[in-house]
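Structure, as structure tokens:
The values are calculated or read from the model by the stated rules, or taken from the named source; none is laboratory data. Small disclaimer: the values here were computed from a predicted structure and weren't measured. All Cβ positions, glycine included, derive from the backbone under ideal geometry; neighbour counts span all protein chains shown. The accessibility values were calculated without ligands, DNA or RNA, using every heavy atom of the protein model including side chains. Shrake-Rupley method; radii C 1.70, N 1.55, O 1.52, S 1.80 Å.
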Amino acid sequence: MTLPGARSTQATPRAAVGIFAHNEEATIRYVVEGFLGQRMRAASLCEVVVVCCGCTDDTVDMVKDVAASDARVRLLVRPRREGKVAAINEFLSVVDADVLVLSSGDVVPADDAIDRLVSPLAEDGQCMMTGPRVVMAKTWIPRRIVDHLHDVLWALHHAVSLHNPKLGEIVAIRSEVLQRHLPPGIHCDEALMESIVVDQGGSLGYVADALVYNFAPTNVRELYRQRRRVAAQHVALRRLRGYRPSTTQPRLIFLALRSLPLRRFPLVLVLAGFETAARIHGYLDARRGRSYQLWRIARPPSRMDHLDVGSGTYRNETCAHADDERCA
């Protein structure tokens, strides 16, 4: 879906950011400061709410330090982990804004990401939710096998989303869509919100030039656990709401594979076997009633010496015209 490019003449919308963290001391300062440093034209940033859930490390203290120097930062502490959906519902209960931007505590936005995500919502009344292009932050030199697999996985997400959006890591959504509450029982929050938008007759926008940076898990075992959990949650979403994210649809996956350069196919073959096993395992988990309300966090590296994020065009041979596409 291509969203209109003409800028709206309506009043500038107010945006509130929700960051959801459990023991994210390695990244939380980068994430919060990344949102505070946004270059905003399409919206105004009214507040950044950090919801810390059952943290036992220095995450809370780090957020307090940032909040002491910027009044826009608000800290909510939940003493126990009760799942990300529960944390999102607490965020929804305390904010008052036109657009809500939801992020995990381990994803760093480029400095114009919010502006690019909000623009389609301000310009197109049919568009209710947008998501960015996810790029792996470069933190390890040389790269490990898990880095290569993680990178190809998100390249495929990008290629699929150019045909049919699959939104994740950070999303922007009109506040009236959520009505201050996400329904219980499903714990893949971005896909759940996609299903709510579709049920209300709205459209999803993939903003390919809004960049966010995530981190590969520590090792292949953590990546497998992550993919298994996502697969189980997608099975539950389809069973309870009849919704299938675009990355679970074979036709779109084959279209995405066709866009990859031949030199990446050895990694694609490895990832295909890896992902197939994880989806089978996840399907069995869902059949057994495992909800993944809580899960083991895949940790980013503790050192960020090579962290390289910012604005600008990200070039990748996944799609020849990706750099010219705002939404698909």
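Outside any loop (DSSP other than H, G, I, E, B) and either over 28 Å from residue 269 (Cβ atoms) or open to solvent by 30 Å² or more (accessible area, probe 1.4 Å) (or both), is that true of residue 207? Taking the combined requirement at face value, the residue satisfies it. Of all the criteria given as (1) farther than 17 Å from residue 174 by Cα; (2) at pLDDT 90 or above; (3) surrounded by fewer than 21 Cβ atoms within 10 Å (Cβ to Cβ), the one not satisfied by residue 94 is (1). Please verify whether residue 229 is open to solvent by 30 Å² or more (accessible area, probe 1.4 Å), under 18 Å from residue 150 (Cβ atoms) and touching a Lys or Arg at 6+ places or on another chain (Cβ under 8 Å), treating the condition exactly as stated. Against the criterion (open to solvent by 30 Å² or more (accessible area, probe 1.4 Å), under 18 Å from residue 150 (Cβ atoms) and touching a Lys or Arg at 6+ places or on another chain (Cβ under 8 Å)), residue 229 does not qualify.
Just one of (1) over 24 Å from residue 27 (Cα atoms); (2) open to solvent by 30 Å² or more (accessible area, probe 1.4 Å); (3) under 12 Å from the mean Cα position of the chain (by Cα) fails for residue 169. It is (1).
Taken together, 155, 232, 172 contain a single residue that is aliphatic (A, V, I, L, M) and not in a helix (DSSP H, G or I), which is 172. Among the conditions (1) of a type in the set (S, T, N, Q); (2) part of a strand (DSSP E or B); (3) more than 25 Å from residue 201 (Cβ to Cβ), the only one that residue 93 does not satisfy is (2).
With farther than 30 Å from residue 94 by Cβ, small (Gly, Ala, Ser) and at pLDDT 95 or above as the only criterion, which of 155, 208, 216, 172 stands out? Step through it out loud before you land on a result.
On the way: 155 fails: at pLDDT 95 or above; 216 fails: at pLDDT 95 or above; 172 fails: farther than 30 Å from residue 94 by Cβ.
The match here is 208.
Part of a loop (DSSP other than H, G, I, E, B) and in contact with a helix residue (DSSP H, G or I) (Cβ under 8 Å, 6 or more places away or on another chain): does that describe residue 243? Yes. The single condition from (1) touching a Lys or Arg at 6+ places or on another chain (Cβ under 9 Å); (2) open to solvent by 10 Å² or more (accessible area, probe 1.4 Å); (3) in contact (Cβ under 8 Å) with a residue 24 or more places away in the chain; (4) charged (D, E, K, R) that residue 238 fails is (3). Regarding residue 130, is this residue modelled with pLDDT of 95 or more and crowded, with 17+ Cβ neighbours inside 10 Å? Yes. There is no residue in the stretch 214-229 that is of a type in the set (A, V, I, L, M, F, W, C), more than 20 Å from residue 155 (Cβ to Cβ) and touching a residue at least 24 places away in the same chain (Cβ under 8 Å).
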